[in-house]
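**Student:** Before I ask anything, let me first share the structure, which is written out below as structure tokens.
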Amino acid sequence: MTDRIREFLRRRQDDGPCLVVDLDVVRDNYNAFARALPDSRVFYAVKANPAPEVLRLLASLGSCFDSASVAEIEMVLAAGAAPDRISYGNTIKKERDIARAYALGVRLFAVDCKAEVEKVARAAPAARVFCRILCDGAGAEWPLSRKFGCEPAMAADVLEHAHRLGLNAYGISFHVGSQQRNQHAWDRALAQAAAVFRECGERGINLSMVNLGGGFPTKYLKNVPAVKTYGTAIFRALRKHFGNRIPETIIEPGRGMVGNAGVIETEVVLVSRKSEEDEVRWVYLDIGKFGGLAETMDESIRYPIRTPRDGGETAPCIIAGPTCDSADVLYEKVPYLLPVSLEIGDRLLIEGTGAYTATYSSVAFNGFPPLKTYHI
Ligand SMILES: *Cc1c(COP(=O)(O)O)cnc(C)c1O
């Protein structure tokens, strides 16, 4: 919570939940990444918060961008970044979308199998490709599963295939899992990346780049290490596995760039109990899973929630959204402690909501409009 957001909310007239993002915090985060990893180029992961204000600010600061679709590429171009600052980092692309990205000037693409390499070779001749390798996501609160990337042992074949088809086999990427609270998670992935570099080298293909992905955390309920700590651990791991031949590196922060810049204001619609003896209250808010809080799925991300009555006695609550879908419960397995004096109409602040919220909100489920957003 910043003074600017507090002041904005104090003057706000309109009704309904809203997200307010303080662009000064995004600027500070960008500068912290640039300082902590001075030799890495920053490719902001657009999906975390693609608001034009965020993209324009980061473009003006010199950031590059990791985009996952043609629409995201167009948003970045509209924000003023040239196509040589954009990667198409999704490993799952339609061939005609690759061709559109190529026509827009994009020359850097992610792949994780030979079939995708073949699409890129046809639709984006001579472009640079990097191969994503699997990472187990241990230590991450929002692990990214096995959906993206190939086994490291296959990566050299994928890159050799790219090389034979006239592409520039450029490097390796991985993602250690989002909200990664262990700064040493990069070590094992870098060991595997270095092994692929060696294997490709033996085949006469010299890779140049390691894409260190995202995963840098933002503060929710638990404390997280500072970006500087990640920078130091990553540099050590690079030295350990690449010796004095450290490759070009890029990072793709999403959550760590915008998460702590945003606050959602929401209103308590109902406080009730399921029986007279029930000790746990149900607190229904005017925002839920379909209004932008999709990352409460499996109760993975636990946002700090502030109330105007903090400081008094608390008791456990189940927190739910306003829609008529029974999946629209935010926290039940591990209830939240909220003040016993909490009342209908109270306005709560959900902190750390600058990333992965607004664009997840549905267009009109149950008639609720998408989350209103303000970037100040
Ligand atoms: C989502 C994503 C990111 C951003 O991840 P964070 O954990 O939010 O930093 C980076 N790179 C790729 C390829 C992604 O898909």
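**Student:** How would you classify the range 19-146 from its alpha-carbon gyration tensor, with a ≥ b ≥ c the square roots of the eigenvalues: rounded for a/c under 1.5, else prolate if a/b is greater than b/c, otherwise oblate? Kindly include the intermediate steps, with their values, before the conclusion.
**Tutor:** Numbers: a/c = 1.92, a/b = 1.34, b/c = 1.44.
Since a/c reaches 1.5 but b/c is at least a/b, the shape of the range 19-146 is classed as oblate.
**Student:** For the peptides 285-293, 233-241, 329-337, what is the packing order when you average, over each peptide's residues, the other Cβ atoms within 10 Å and list the highest mean first? All intermediate terms of the calculation are to be shown ahead of the outcome.
**Tutor:** Numbers: 285-293: 25.3, 233-241: 18.0, 329-337: 15.6.
The packing order, highest mean first, is 285-293, 233-241, 329-337.
**Student:** OK, next. If you build a Gaussian network model of the chain, linking Cα atoms that sit under 10 Å apart, which residue out of 260, 366, 49 swings the most?
**Tutor:** Comparing 260, 366, 49 in a Gaussian network model of the chain, the most mobile one is 366.
**Student:** Per 10 Å bin, what percent of the C-alpha pairs of the range 209-316 does each bin hold, from zero upward?
**Tutor:** Final binned percentages: 10, 30, 26, 16, 11, 6, 1.
**Student:** In terms of modelled amide H atoms, which long-range or inter-chain residues lie less than 5 Å from the amide H of residue 329?
**Tutor:** Answer set, sorted by chain and number: 321.
**Student:** Once you list every other residue whose beta carbon is under 12 Å from the beta carbon of residue 360, what net charge do they have if Lys and Arg are +1 and Asp and Glu are -1? Please list the in-between numbers first.
**Tutor:** Details: positive: 47, 289; negative: 295.
Residues near residue 360 contribute +1 overall.
**Student:** Tell me which of 247, 58, 25 sits at the most positive position along the dipole axis of the chain, charges placed on C-beta atoms (Lys, Arg +1; Asp, Glu -1).
**Tutor:** Among 247, 58, 25, the one farthest towards the positive end of the dipole of the chain is 247.
**Student:** Okay, next question. Short version: ³J(HN,Hα) in whole Hz for each residue of the range 37-52, in order, from phi by Karplus 6.51 cos²θ - 1.76 cosθ + 1.60 (θ = phi - 60°), x for Gly and Pro, what are they?
**Tutor:** 10, x, 9, 9, 7, 8, 10, 4, 6, 4, 4, 4, 6, x, 4, x
**Student:** May I have the extent of the alpha carbons of the range 250-376 along their three principal axes, as whole Å values ordered from largest to smallest?
**Tutor:** Principal-axis extents of the range 250-376 (Cα, largest first): 55, 33, 27 Å.
**Student:** If amide H atoms are built 1.01 Å from N in the plane of the peptide, which residues on other chains or at least 5 residues away come under 5 Å of the amide H of residue 372?
**Tutor:** HN-HN under 5 Å from residue 372: 19.
**Student:** At 222 nm, what value in deg cm²/dmol follows for the chain if DSSP H runs of at least 4 each add -39500 (n - 2.57) and the sum is divided by all its residues, to the nearest 500? Intermediate results must be reported in sequence, preceding the final value.
**Tutor:** Numbers: 10 runs with 112 residues, N = 376.
The helix contribution divided over the chain gives -9000 deg cm²/dmol.
**Student:** Another question about this same structure. For residue 350, what is the net charge nearby, where nearby means another residue's Cβ is under 12 Å from its Cβ and Lys, Arg count +1, Asp, Glu -1?
**Tutor:** Working: positive: 302, 306, 347; negative: 265, 267, 286, 295, 351.
Every neighbour counted, the sum reads -2.
**Student:** Pop a pseudo-label 7 angstrom from the Cα along the beta-carbon direction at both residue 343 and residue 28 and give the gap in nm to one decimal.
**Tutor:** It is 3.4 nm.
**Student:** Sticking with this structure for a sec: Below 10 angstrom from the Cβ of residue 302, what's the summed charge of the other residues (Lys, Arg +1; Asp, Glu -1)?
**Tutor:** Numbers: positive: 222; negative: 141, 295, 299.
Residues near residue 302 contribute -2 overall.
**Student:** Moving to a separate point now. Apply the a/c threshold of 1.5 to the C-alpha gyration tensor of the range 23-258 and tell me whether it is rounded, prolate or oblate. Could the numbers behind the result be given before it?
**Tutor:** Numbers: a/c = 1.72, a/b = 1.13, b/c = 1.52.
Oblate shape, in that a/c is at least 1.5 and b/c is the bigger or equal ratio.
**Student:** Follow-up. Which of 347, 56 comes first, and how do the rest follow, when ranked by fewest Cβ neighbours within 10 Å? Let's see the in-between values first.
**Tutor:** Details: 347 14, 56 17.
By the 10 Å Cβ count, ascending: 347, 56.
**Student:** Could you pull out every residue, at least 5 positions away or on a different chain, whose amide H is within less than 5 Å of the one on residue 270? Hs are placed 1.01 Å off N in the peptide plane, and Pro or chain starts have none.
**Tutor:** 284
**Student:** Distance in nm between label sites at residue 277 and residue 244, each 7 Å beyond Cα in the beta-carbon direction?
**Tutor:** 7.5 nm
**Student:** In a Debye calculation with equal point scatterers on the alpha-carbon sites of the range 131-244 and no solvent, what is log10 I(q)/I(0) at q = 0.10, 0.16, 0.19 Å⁻¹?
**Tutor:** Calculated log10 I(q)/I(0) at the listed q: -0.31, -0.72, -0.95.
**Student:** Run through the DSSP bridge list for the range 23-258 and note the antiparallel percent, rounded to the nearest 5. Walk me through the intermediate numbers first.
**Tutor:** Working: 2 of 28 bridges.
Taking every DSSP beta bridge within the range 23-258, about 5 percent pair in antiparallel fashion.
**Student:** Could I ask something else about it? Pop out the ³J(HN,Hα) list for the range 336-342 in order, Karplus 6.51 cos²θ - 1.76 cosθ + 1.60 with θ = phi - 60°, rounded to Hz; leave Gly and Pro as x.
**Tutor:** 8, 8, 10, x, 5, 7, 4
**Student:** Here is a follow-up. Could you list 134, 221 so that the one with the fewest beta carbons within 10 Å of its beta carbon is first and the one with the most is last? Don't jump to the answer; show the numbers that get you there.
**Tutor:** Numbers: 134 21, 221 12.
The fewest-first ordering by Cβ neighbours comes to 221, 134.
Bear in mind that the values in this text are calculations on the coordinates, not laboratory data. These numbers come from a predicted model, not from an experiment. Cβ coordinates were reconstructed from backbone atoms using ideal geometry, including for glycine residues, and neighbour counts include every protein chain displayed.
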